[in-house]
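Trainee: After the structure tokens below, expect a handful of questions from me.
The values are calculated or read from the model by the stated rules, or taken from the named source; none is laboratory data. What you are looking at is a predicted structure, and each value in this text was computed from that prediction instead of being measured. Note: ideal-geometry Cβ built from the backbone for every residue, glycine included; neighbour counts use all protein chains shown.
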Amino acid sequence: MLACVITAFYEVVVEQEMIIKALAMDNYRWLLFLWVFEKNYIGPRLREDAHRISYEQLFDLILKQHNENPMEAESHIKEVLDWKILTEDDNVLVGLLVHGQDAIAIDYMGYYSDYLDKDLFIACLKQGNNVFLQKALLVAAFDKLIFREEAVIE
């Protein structure tokens, strides 16, 4: 709890080892605070060389941490998704689909519907996320106007 308060009210410098340790110790509450207060950076976040940790990278670390037990990895990924943090520049659905987590993306596409755009559609086509695409198209999740976009037509 102290780490959460420090994260919320003070400038913290996070190292990748800290993220890995938090995942190993199931300290998702602290990770939540990193994302909520936009402190999910490796290194001092106010410096130009700071590296932002994306959902894609976080999911990658979770999957590596629990590669022996996919059900446990899925549970932890869902715990992160239940944070329900919407960011402007980090598409959580892309983070899932890059790792082939189509079923989880389908379960959460309703809440994260703001991310159902042409870029996600194109990414799904390129990555072969057919299960997700079929379900999303079946429920008309994508705005019909994206199908008029040149990038989608090509």
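For (1) of a type in the set (Phe, Trp, Tyr); (2) modelled with pLDDT under 95; (3) under 22 Å from ALA24 (Cα atoms), each residue gets a yes or a no:
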residue	(1), (2), (3)
VAL94	no, no, no
GLY100	no, no, no
TYR112	yes, no, no
ASP119	no, yes, no
ASN130	no, no, no
LEU133	no, no, no
LYS144	no, yes, no
GLU149	no, yes, no
GLU154	no, yes, no
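Trainee: Could I ask something else about it? Looking at (1) in a loop (DSSP other than H, G, I, E, B); (2) within 10 Å of the chain's Cα centre (by Cα); (3) more than 25 Å from GLN134 (Cα to Cα), find the lone condition where GLN57 falls short.
Mentor: Result: GLN57 fails condition (1) only.
Trainee: Which of the residues spanning segment 1-37 are over 24 Å from GLU74 (Cα atoms) and charged (D, E, K, R)?
Mentor: Answer for segment 1-37, where residues must be over 24 Å from GLU74 (Cα atoms) and charged (D, E, K, R): GLU11, GLU15.
Trainee: Could you pull out the residue among ILE42, ILE6 that is in contact with a strand residue (DSSP E or B) (Cβ under 7 Å, 6 or more places away or on another chain), among the β-branched types (Val, Ile, Thr), surrounded by 13 or more Cβ atoms within 10 Å (Cβ to Cβ) and not in a loop (DSSP other than H, G, I, E, B)? I'd like the intermediate steps shown before the answer.
Mentor: Values: ILE6 fails: in contact with a strand residue (DSSP E or B) (Cβ under 7 Å, 6 or more places away or on another chain).
Being in contact with a strand residue (DSSP E or B) (Cβ under 7 Å, 6 or more places away or on another chain), among the β-branched types (Val, Ile, Thr), surrounded by 13 or more Cβ atoms within 10 Å (Cβ to Cβ) and not in a loop (DSSP other than H, G, I, E, B) holds for just one of ILE42, ILE6, which is ILE42.
To keep it simple, each residue is scored yes or no on (1) among the β-branched types (Val, Ile, Thr); (2) in contact with a Ser or Thr (Cβ under 9 Å, 6 or more places away or on another chain); (3) in contact (Cβ under 8 Å) with a residue 40 or more places away in the chain.
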{"position": "MET18", "(1), (2), (3)": "no, no, no"}
{"position": "ASP26", "(1), (2), (3)": "no, no, yes"}
{"position": "LEU34", "(1), (2), (3)": "no, yes, no"}
{"position": "PHE37", "(1), (2), (3)": "no, yes, no"}
{"position": "ASN40", "(1), (2), (3)": "no, yes, no"}
{"position": "TYR55", "(1), (2), (3)": "no, yes, yes"}
{"position": "LEU63", "(1), (2), (3)": "no, no, no"}
{"position": "ASN67", "(1), (2), (3)": "no, no, no"}
{"position": "GLU88", "(1), (2), (3)": "no, no, no"}
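Residue-wise test of (1) of a type in the set (A, V, I, L, M); (2) surrounded by 14 or more Cβ atoms within 10 Å (Cβ to Cβ); (3) within 15 Å of LEU58 (Cβ to Cβ).
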site	(1), (2), (3)
GLN101	no, yes, yes
TYR115	no, yes, no
ASP119	no, yes, no
GLY128	no, no, no
LYS135	no, yes, no
LEU138	yes, no, no
ALA141	yes, yes, no
LYS144	no, no, no
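Trainee: Tell me, which helices (runs of 4 or more DSSP H) lie completely within segment 60-150 with 3 or more residues that are closer than 30 Å to ILE19 by Cα? Even if it seems obvious, please write down each step before you answer.
Mentor: On the way: elements: 70-81, 92-98, 102-108, 118-127, 130-138.
Here the list reads 70-81, 92-98, 102-108, 118-127.
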